[in-house]
Amino acid sequence: INYEAVGTQLPKEMFTPIDPYFEKQDPYVEGQTWGETFNDAVMEMTQTGAGAHYTVSADYVETGIYYNKAMFEKAGIKEAPKNWEEFVETCKKLKEADLVPMAWSMAQDDTYAMGWTNRIFLFNCYSGDMDKIDIDGVKGVNDMEKVAALKNGVVKVDDGKFLSYFDVLKDMVPYFNDSWASKTDLEKKFMQEEVAMYWTGSWLPKKMTDAGVDFEYGSFPFPTPTQETCPPYSTDKVTSGAVGGPSASFQYSVSSEKANKTMTPEKLDVVMDWLMYITEPSRVSEIVNEYGSFCPTIKGSTPLPGMEGLLDNLNAEYTNFDGGQSISGTVSDTMFRYLHQYMLGEVTKEEAVSKLTETMNEEADALIENNPEWEIDKYLK
């Protein structure tokens, strides 16, 4: 499961804290503890609100926009856009050339439509407030800090910047495929050359090869906002690395006795030894590279040729800040529903602000009650 699911979608009590094992000598890598095997940034990003770890993560996913080179050439586009304004101009040129610029879907399981853009824009808009948000002394923004930011008024649904990207996405509707508002097979549309651009992850090249796609395509980082994108809230902070991280396939959490009555201390020792075994650098390289869609992150592991650059964003700061969307499924569902309806012109932004304020406050209170180990009072004003 995704490391972010522990303590949000599923109770932490279902899982075994792994930190004590990180301190043990690594039996498969001489001269270091098991914890020293892991990338420092990954350890920071996967910690919970109490600074504890419940997940072993050993690979990294990156995203970007893939584009059809022939379509770009037809539209007279000579280079990939570097920021949001250039991206909009690229879309305009493609549309003027009678091409569909961008693949998009607002089906709820196509999470990039809100989840990914949410991180890109909110990290950008709140970049100047990170010293007020990252407050627990552990690098990286966790759910406790998101709740504290809401309670302290650092993040407010009605502050203008929180929903500023709603307008940006609504303005993009003319450049999306006609079926953008419903479930759409975007991958198929791109592979069949029905659209010029498609925002997806590092797994696409392997799928393109397996599907026998033979047209030329390229990729570029998602174009992030500038000060001109959502004035006065957006900044020139480059946040393309906000969509990526240790949320790939090599993620393991271990059942606790409360979730699995067969998890005896003896069985737990065997399970943890197996995790230490498969996270040895050469084995991680073999496992991750055989799948071919992600990059190994264990120290001493080796990515596939051509994928080395995908780790450039791994040490970027606060790449998991999403303004609070991930604190609960209820918050995420509410934000998605109102973004969808706003892009369709069915609700006003005022209606979205009202409902989201109510929902986020209720969910924040519930999280505080369910996580007393946070000791959140010491962080509240």
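The values are calculated or read from the model by the stated rules, or taken from the named source; none is laboratory data. Computed from a prediction, not measured in an experiment: that's the story for all the values here. As a convention, Cβ positions derive from the backbone with ideal geometry for all residues, glycine included, and neighbour counts pool all protein chains shown. Just so you know, the surface numbers come from the protein's heavy atoms only, side chains and all, with ligands and any DNA or RNA stripped out. Shrake-Rupley method; radii C 1.70, N 1.55, O 1.52, S 1.80 Å.
Applying the set (1) open to solvent by less than 10 Å² (accessible area, probe 1.4 Å); (2) closer than 22 Å to Lys92 by Cβ; (3) not polar (S, T, N, Q) to Lys170 leaves exactly one unmet item: (1). Scanning the range 188-217 for residues that are in contact (Cβ under 8 Å) with a residue 24 or more places away in the chain, farther than 22 Å from Gly241 by Cα and of a type in the set (A, V, I, L, M) yields Val195, Ala196. Output the residue which, of all residues in the range 194-211 that are at pLDDT 85 or above and in a strand (DSSP E or B), is farthest from Ala248 (Cα to Cα). Among those residues, the one meeting the criterion is Met197. Scanning the range 262-282 for residues that are among the aliphatic types (A, V, I, L, M) and touching a helix residue (DSSP H, G or I) at 6+ places or on another chain (Cβ under 9 Å) gives Met263, Met272, Leu275, Met276, Ile278. Taking the criterion of being of a type outside the set (D, E, K, R), open to solvent by 40 Å² or more (accessible area, probe 1.4 Å) and more than 24 Å from the chain's Cα centre (by Cα), the residues of the range 362-378 that qualify are Asn370, Pro372. Only a single item in (1) at pLDDT below 90; (2) more than 21 Å from Thr359 (Cβ to Cβ) is not met by Trp104, and it is number (1).
Looking only at the range 64-71, decide whether some residue is modelled with pLDDT under 95, open to solvent by less than 20 Å² (accessible area, probe 1.4 Å) and within 28 Å of Val168 (Cα to Cα). The answer is yes; a qualifying residue exists.
Restricting the range 325-344 to residues that are surrounded by fewer than 16 Cβ atoms within 10 Å (Cβ to Cβ) and in contact (Cβ under 8 Å) with a residue 40 or more places away in the chain, which is farthest from Asp143 (Cα to Cα)? Across the range 325-344, the extreme among qualifying residues is Leu344. Taking into account only those residues within the range 1-39 that are free of Cβ contacts under 8 Å to residues at least 24 places away in the same chain and acidic (Asp, Glu), which is surrounded by the most Cβ atoms within 10 Å (Cβ to Cβ)? Taking the candidates together, the pick is Glu23.
In the set (1) touching a Gly at 6+ places or on another chain (Cβ under 7 Å); (2) crowded, with 20+ Cβ neighbours inside 10 Å; (3) of a type in the set (Val, Ile, Thr), Thr90 fails one condition alone, (1). Of all the residues in the range 32-90, those that are under 30 Å from Phe176 (Cα atoms), not in a loop (DSSP other than H, G, I, E, B) and not aliphatic (A, V, I, L, M) number 17.
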